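The values are calculated or read from the model by the stated rules, or taken from the named source; none is laboratory data. This is a predicted model, so every value here is computed, not measured. Please note: Cβ atoms are built from the backbone with ideal geometry, for glycine as well, and neighbour counts cover all protein chains shown. The area values use the complete protein model at the heavy-atom level, side chains included, leaving out ligands, DNA and RNA. Shrake-Rupley method; radii C 1.70, N 1.55, O 1.52, S 1.80 Å.
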Amino acid sequence: MSQGPTDTTGSRPNGLTYADAGVDIDAGEMLVEAIKPLAKSTRRPGADAALGGFGALFDLKAAGFRDPLIVTTTDGVGTKLKIAIETGRHDGVGIDLVAMCVNDLLAQGAEPLMFLDYFATGKLEIDAARRVVAGIAEGCRQAGCALVGGETAEMPGMYQGGDYDLAGFSVGAVERDAVLPRLDRQNPGDVIIGVGSSGPHSNGYSLIRKIVERSGLGWDADAPFAKDRSLAQALMEPTRIYVKSVLPLIHQGLVKGAAHITGGGLIENPGRCIAEGLEARFDWNAWPLPHVFEWLGEVGGVSDHELRRTFNCGVGFILVVAPEDVEAALEGLLAAGETAFVCGQLARI
């Protein structure tokens, strides 16, 4: 008599599990439970920030928009993550991730509404991942947007051990008649206002790591350019988020153009918000070069031009305003806690 069908509910000889392949489903579920309160803390009108569905909904009418356009951005943190991984300083990179996306939305005049993240790692370490997501939630609170979802991918063989990478995705909205830049309103003599950065933000870290290697200093050494801080602490300072200080100025109609100073520095980014036939003329003596950039330039032998096209050099965001609106714009930025200063003007090419 022949045997019946194999029992598919029992154990199979030499059976493999996903965990044997290096992927821990239980750890992933534990992380989701750990971050649900973090997502809930970012709730805002239009989104309830609940996790667990296949997608996220946003009610633009509930957020107060009349005739909105949707704006989307995506970005990462880059090789700044290598320092986080090597030093165990995971808490601030989530803020960096949000900042790199929402500051780009702001440059279009858009209000950040929703944020999603992608976290990929070789081996999911729940504590490190939770600290990263806690930073993402903090960045969302600073930007006023809701953390509505994300994806955690454990990919042994693609990443080594606890190495990880991050990607962020943000959605914003702007009224149709308020999209930046206002190229048709720009004129020679319009003023460029610089808004101070908190350090290198999230750009140029491949060069920074080479310079640190050349210096011979360890990450736990005292930072030569920052009192009472280690080199890792100083260089891991999170990217500044400008939404709550700059968006009111945009809503008041004071801003003709805005640029987030990221890769390409002050050489390449300003042109993205300036009308054809005009260019940014910076007064490079209008603000002191922060000590971190002085140190990077000296130790790395980096020329002024290379510094300016690699790093923000102390200016994380710029605004183009009419001369008669400079005083109001500066007052608004300073009242919001920013460091702000006139740093140049538009001129004919």
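Figures for the structure shown
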| quantity | calculated |
| --- | --- |
| Rotationally averaged projected area of the range 145-211 (alpha carbon convex hull; nm²) | 9.5 nm² |
| log10 of Debye I(q)/I(0), alpha-carbon scatterers only, for the chain at 0.06, 0.09, 0.10, 0.13 Å⁻¹ | -0.26, -0.54, -0.66, -1.03 |
| CD proxy at 222 nm, helix term only [per DSSP H run n ≥ 4: -39500 (n - 2.57); per residue of the chain; nearest 500] | -9500 deg cm²/dmol |
| Ranked order, Ser41, Ser230 - accessible area, probe 1.4 Å, largest first | Ser41, Ser230 |
| Ratio of Rg to Rh over the range 37-182 (Cα coordinates, Kirkwood Rh, two decimals) | 1.01 |
| Packing-based ranking, highest mean first, of 175-188, 200-213 given that Cβ atoms within 10 Å are counted | 200-213, 175-188 |
| Highest-fluctuation residue, Ala134, Ala335, Ala34 considered, GNM on the chain with Cα pairs under 10 Å | Ala335 |
| Angle in degrees between helix 291-300 and the longest Cα principal axis of the chain, rounded to the nearest 10 | 80 degrees |
| Local net charge near Ile192, Cβ-Cβ under 11 Å (Lys/Arg +1, Asp/Glu -1) | -1 |
| Where the range 54-212 is the region considered: accessible area per residue in Å², 1.4 Å probe | 39 Å² |
| Portion, in percent, of the accessible area of the range 33-119 that falls on carbon or sulfur, probe 1.4 Å | 54 percent |
| Using distinct alpha-carbon pairs, which all enter the 1/r mean, Kirkwood radius of the range 217-349 in Å | 16.3 Å |
| Solvent accessible area, Å² - Phe58, 1.4 Å probe, full protein context | 40 Å² |
| The chain: angle of helix 326-335 to the longest principal axis, Cα-based, in degrees nearest 10 | 40 degrees |
| Rg/Rh for the range 64-146, where both radii come from Cα atoms and Rh is the Kirkwood radius | 1.03 |
| Accessible surface, the range 233-349, averaged per residue in Å² (probe 1.4 Å) | 44 Å² |
| Nearby lysines by direct alpha-carbon distance to Lys210 (threshold 28 angstrom, same-chain neighbours under 8 apart not counted) | Lys80, Lys82, Lys123, Lys227 |
| Per-selection Rg to Rh, the range 277-318 - Cα, Kirkwood hydrodynamic radius | 1.00 |
| With Cα atoms, 0 to 90° folded angle of helix 25-40 axis to the chain main axis | 40 degrees |
| For the chain, built as a Gaussian network whose Cα springs stay under 10 Å, the top-fluctuating residue of Asp127, Asp163, Asp117 | Asp127 |
